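The values are calculated or read from the model by the stated rules, or taken from the named source; none is laboratory data. The structure presented is a predicted model; accordingly, all values stated were derived computationally and were not measured. Neighbour counts are summed over all protein chains in view; Cβ atoms, including those assigned to glycine, are modelled from backbone coordinates with ideal geometry. Side chains are part of the model used for accessible areas, which takes the heavy atoms of the whole protein and leaves out ligands, DNA and RNA. Shrake-Rupley method; radii C 1.70, N 1.55, O 1.52, S 1.80 Å.
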Amino acid sequence: NEPSENVVIAAAAMEMFQSSFLVHDDIMDRDYKRRGAPTVFAQYQQLAKDKGIENEKHFGEAMGICAGDMSFYFAFQILTHLDLPSEMKEKIIELCFSEISSTCVAQMQDVSFGFRQSSPTEEDVFQLYRHKTGRYTFSLPFMLGAVLAEQDKAILTTLEKLGEELGIIFQLKDDELGLFGNEEDIGKPVGSDIRENKKTLLRIYMEELADPEESRWLKQLFGKQSLTEEELRWLRDFADSSGAREKVDKMAAEHAEECRRLISKLPNLSDTGRTQFNELLEYNLGRKT
């Protein structure tokens with residue numbers, strides 16, 4: 001069946017929210033490539049260079065921030081065009097506002113972790129993954145669809161939890177690809193999380209499993225901007241030989257089991273719908289981009 005106009009409107013708003021976060025995220029992570037192409041702020045930097053504008057770096061970042069901001073505003077404007085009773089429309093806009101605000105706080109936490117010398121706890125990282133990635137990437141779109149379909153609160157709660165679990169798997173895989181991926185596949189330089197001193201679960205496990213000499217190397221390499229290929233290779237080898245990567249894979253498998261349990265709990269789900277949820281789960285577990 002063709003999706004209703006309201007579903008298309010909600011989906012368009014979600015795409016705008018996603019784009020906003022990615023534009024800002026690239027600035028904060030100093031990533032000059034995404035999906036194999038220059039990021040938005042990098043394109044503005046090049047524009048400044050071509051036009052002879054002084055301080056092209058600041059110009060690019062400032063314009064990128066503005067572009068990301070505009071995308072947020074356009075997303076909420078799009079939602080005002082929903083052809084729904086005012087009470088339901090207000091519920092959707094409030095849901096979006098609440099989840100987007102929560103994601104912003106989680107992003108601030110992620111930036112803060114990067115500047116700290118000490119590493120967060122495992123639970124701190126999982127909370128970050130739930131709120132930075134899981135809820136706006138999966139939970140919010142799932143719940144929006146359920147609200148539009150006038151489903152009850154129990155189904156919304158199950159979809160909310162399913163989204164968090166999928167988000168954790170997505171982020172665990174993202175962290176792994178950030179070290180082990182291929183630049184042509186992931187569309188950005190490998191090792192950016194290392195350079196930005198990201199406190200990922202993979203890193204925490206590497207630190208836990210390191211001996212004193214290996215710990216010294218880890219402290220030297222995390223946060224280093226000019227990583228060599230040899231240093232990246234050492235980090236990959238250590239993640240494998242220490243068992244840290246295996247622990248992350250095991251954790252992803254545990255969360256996948258929880259996803260399957262939650263999918264099985266969804267009532268009145270068509271065979272097609274159940275297949276689509278399971279395919280989304282398998283894609284997250286095996287993705288290479």
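Yes/no per residue for (1) open to solvent by 70 Å² or more (accessible area, probe 1.4 Å); (2) under 19 Å from the mean Cα position of the chain (by Cα):
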position: S71; (1), (2): no, yes
position: F76; (1), (2): no, no
position: L82; (1), (2): no, no
position: G114; (1), (2): no, yes
position: Q117; (1), (2): yes, no
position: T121; (1), (2): yes, no
Checklist entry - Any idea which residue in segment 89-116 is nearest to T200 (Cα to Cα), counting only those that are in contact (Cβ under 8 Å) with a residue 60 or more places away in the chain and aliphatic (A, V, I, L, M)? => result V111
Next on the checklist: Among the residues in segment 143-156, are any closer than 27 Å to Y73 by Cα and outside any helix (DSSP H, G or I)?
Outcome noted: yes
Next on the checklist: As an exercise: evaluate Q225 against (1) at pLDDT 95 or above; (2) open to solvent by 80 Å² or more (accessible area, probe 1.4 Å) and give the number of the one condition it does not meet.
Outcome noted: (1)
Next on the checklist: For segment 88-112, which positions are farther than 20 Å from R30 by Cβ and open to solvent by 100 Å² or more (accessible area, probe 1.4 Å)?
Outcome noted: E90, K91, E94, F97
Next on the checklist: Among (1) closer than 26 Å to D29 by Cβ; (2) in contact (Cβ under 8 Å) with a residue 60 or more places away in the chain, there is one condition Q225 misses while meeting the rest; what is its number?
Outcome noted: (2)
Next on the checklist: List the residue pairs whose Cβ atoms are under 6 Å apart, where the first residue sits in segment 58-87 and is over 14 Å from H24 (Cβ atoms), the second is part of a loop (DSSP other than H, G, I, E, B) and of a type in the set (A, V, I, L, M, F, W, C), and the two are 6 or more positions apart or on different chains.
Outcome noted: F59/I53
Checklist outcome for this item: The number of residues in segment 120-157 that are hydroxyl-bearing (S, T, Y) and touching an Asp or Glu at 6+ places or on another chain (Cβ under 6 Å) is 2
Next on the checklist: Suppose we filter G52, G36 for residues that are modelled with pLDDT of 95 or more and open to solvent by 40 Å² or more (accessible area, probe 1.4 Å); which single one remains?
Outcome noted: G52
Checklist outcome for this item: If we ask which residues in segment 157-201 are modelled with pLDDT of 95 or more and over 22 Å from F238 (Cβ atoms), their number turns out to be 14
Checklist entry - Applying the selection to segment 185-201, what residues are of a type outside the set (V, I, T), open to solvent by 20 Å² or more (accessible area, probe 1.4 Å) and within 14 Å of Y32 (Cα to Cα)? => result K188, P189, D193, R195, E196
Checklist entry - When the residues of segment 3-33 are filtered to those that are open to solvent by 60 Å² or more (accessible area, probe 1.4 Å) and touching a helix residue (DSSP H, G or I) at 6+ places or on another chain (Cβ under 7 Å), which remaining residue is farthest from K132 (Cα to Cα)? => result V7
Next on the checklist: Return the residues of segment 238-289 that are free of Cβ contacts under 8 Å to residues at least 40 places away in the same chain, surrounded by fewer than 14 Cβ atoms within 10 Å (Cβ to Cβ) and not in a helix (DSSP H, G or I); say none if nothing qualifies.
Outcome noted: N268, S270
Checklist entry - Y136 fails exactly one of the following numbered conditions: (1) at pLDDT 95 or above; (2) open to solvent by less than 40 Å² (accessible area, probe 1.4 Å); (3) of a type in the set (F, W, Y). What is the number of that condition? => result (1)
